[in-house]
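Notes to accompany the following structure.
The values are calculated or read from the model by the stated rules, or taken from the named source; none is laboratory data. As the structure is a prediction and not an experimental result, all values here were calculated from the model. Cβ atoms come from the backbone with ideal geometry, glycine included; neighbour counts cover every protein chain shown. Note: areas computed on protein heavy atoms with side chains; ligands, DNA, RNA excluded. Shrake-Rupley method; radii C 1.70, N 1.55, O 1.52, S 1.80 Å.
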Amino acid sequence: MTKIDTELPFDIPEPRLRSLYNYWHSKMHGEDLPARTDIDPLEMKQWLGNLMLIEFHGDVTSYQIRLDGTNLEHYYGTRRTGFGVEKLTSDDERRLLMEQYSTVLDEKRPAYFEADFTNSDGVYSRQAKLILPLSADKDRVDMVLVGIYFRATDQSDAF
């Protein structure tokens, strides 16, 4: 797994995720993180199929997926909307996601990752992922907007 500092948007090598970062950044209020209410789904059509919206209830292990894009559902062959950590039966996937989400929740800043792993449903993926924090009270990260694009593998096409 590679974590890339996203203080500057040009550090995000995946162009679709770099443009998603720019959209998120445009919704900031000075130094304050944007809230879910600042994000307009109609403005996000170009990314919608590759987005997840995850709500956190206290800590990194207590979350619920509010939106799972159609491209993500298609790739993994399962619908994860409404589920949380209980869907993660793979120790490797659980460890990877908890580390990624913890970074964003604790540091209150975006993070970009590239990772190769097999998920809990046995689907191997190589992905570029941007996790963007959202905060209703401008203090605690209570949601994250996640953009995921898959890189080509021997087993699948990328999208």
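Annotations for the structure displayed:
- Computed helical MRE - 222 nm, the chain, DSSP H runs ≥ 4 contributing -39500 (n - 2.57), nearest 500: -7000 deg cm²/dmol
- The count of lysine pairs in the chain that are at least 8 places apart or cross chains, and whose C-alpha atoms lie under 17 Å apart, stands at 7.
- Accessible area per residue for the chain is 49 Å², calculated with a 1.4 Å probe on protein heavy atoms, without ligands, DNA or RNA.
- Lys, Arg +1 and Asp, Glu -1 on Cβ, resulting dipole of region 16-77 about Cα centre, debye, nearest 20: 260 debye
- Region 17-86 - percent of accessible surface contributed by carbon and sulfur, probe 1.4 Å: 50 percent
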